[in-house]
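The values are calculated or read from the model by the stated rules, or taken from the named source; none is laboratory data. It should be emphasised that the depicted structure is a prediction, and the values quoted were computed from it without experimental measurement. Neighbour counts are summed over all protein chains in view; Cβ atoms, including those assigned to glycine, are modelled from backbone coordinates with ideal geometry. Surface accessibility is based on the protein's heavy atoms, side chains included, excluding ligands, DNA and RNA. Shrake-Rupley method; radii C 1.70, N 1.55, O 1.52, S 1.80 Å.
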Amino acid sequence: MKNINIAIDGPAGAGKSTIAKLAAKKLEFIYVDTGAMYRAIALHCLRNGLQADDKEGIVEAIKSANVSIKYVDCEQRVILNDENVNAYIRTEEVSKMTSSISVYKEVRAKLLELQRNIAKENCVIMDGRDIGSNVLPNAELKIYLTASVETRAMRRYKEQIEKGYEVNIEDIKKDIEDRDYRDSHREVAPLMVAEGATIIDSSDMTIEEVVDKIIMMVKNI
Ligand code: DC
C-alpha cells in the first residue's frame, strides 16, 4: 500500500504538535516533529558558543551535528550526536536561536533529506513551517493550522505557569509576534499556506474538534 503523508504547517503555538501527535496515534501513523530537529541543531550551535548572526560559524558548526530521530513507545526522540536531547530543546533560549538559524539555507538543506526519507518509508503526519510547500509538496493532505496571536500567547502562558515558571503574557505575545515575522519573512522556505492546503483556525475550537476534523479529512482522501 502507498504511504499516506500529511503535512501540517502553521505558526508557533497553533497547537500543531499536540494535534498531530493525537491524530497520528488514532491513525497509527508516525508523528514527525521537524521543529525538534531544527531545535537540536540550534542547541548544538549554542553549545558551541555561537551567536545566531554568526552565519559562517554556524555553517561550520553544523558539519559536526549529526541529527537523527528514534521512536520509543510512539514518542519521537531527537538524537544529536548519539545523545537524546529532548529534555534540552524546549527552553526560550533554544526557541529563539532555532527561529534565527532556520533562515540559513545550509541549515535547512541538512534536514530536508532526513525528513523526506522518513516520509518515503512511513505513513506520517509531519509538522513544521514548510512541509506542505517544500518538504512534501505531494502530500496527500495539507493543513495550515493557525490561531490568533492572543489565543496562542494565552496557551503558551498557561503552559509555562503550569510548569512553575514566572512569565509575563505581554513578553510571550511579543516573542510570538517576532517569531511569526521571522518564520514568514525569511528568504528560504518561509512559513506560508501551501498550495492546496486547508486552513484550520483553532482559536475557537477544542483540541478534539481539530483532531476529529483532520481524521475526517484523511478518511476522504
Ligand atoms: O515548531 P517549533 O516551535 O518547534 O519550531 C521551532 C522553530 O523552528 C521555528 O521558529 C521555525 C523553525 N522551523 C522551521 O523553520 N521549519 C520547520 N519545518 C520547523 C521548524
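Mind checking which of Val135, Ala87, Ala147 is farthest towards the positive end of the stretch 1-160's charge dipole, using Cβ charges of +1 (Lys, Arg) and -1 (Asp, Glu) about the Cα centre? Going by the charge dipole, the pick is Ala147. Going by accessible surface with a 1.4 Å probe and the largest first, Cys123, Cys45, Cys74 read Cys74, Cys123, Cys45. Over the stretch 113-182, what percent of the accessible surface lies on carbon and sulfur atoms, probe 1.4 Å? After summing per-atom areas, the C and S share lands at 46 percent. Per residue of the chain, the DSSP helices (runs of n ≥ 4 H) give a summed -39500 (n - 2.57) that works out to -15000 deg cm²/dmol at 222 nm. In this structure Lys25 has an accessible area near 150 Å², from a 1.4 Å probe over the protein heavy atoms.
Measuring between their Cα centroids, the stretch 47-111 and the stretch 155-172 lie 24 Å from each other. With the simple spin-label model, which puts each label point 7 Å out from Cα in the Cβ direction, the Gln51 to Asp171 separation comes to 2.2 nm. Accessible surface for the chain, divided over its residues, is 53 Å² per residue with a 1.4 Å probe. Considering only Gln76, Gln160, Gln115, the Gaussian network model of the chain with Cα springs below 10 Å gives its largest mean-square fluctuation to Gln160. Counting only protein heavy atoms and using a 1.4 Å probe, the accessible area of Glu106 comes to about 60 Å². Using Cα springs under 10 Å in a Gaussian network model of the chain, which residue among Ile58, Ile41, Ile161 shows the largest mean-square fluctuation? Top of the fluctuation ranking is Ile161. Loop-located chymotrypsin sites (Phe, Trp or Tyr not before Pro) across the stretch 150-221 with a Cβ neighbour count of 13 or fewer within 10 Å are Tyr165, with loop assigned by DSSP. Measure off, as a whole percent, the carbon and sulfur share of the 1.4 Å-probe accessible area of the stretch 1-73, all protein chains present. Ligands and nucleic acids excluded, carbon and sulfur reach 49 percent. Under the combined filter of DSSP loop state and at most 14 neighbouring Cβ atoms within 10 Å, the stretch 13-100 retains these GluC sites (Glu not before Pro): Glu28.
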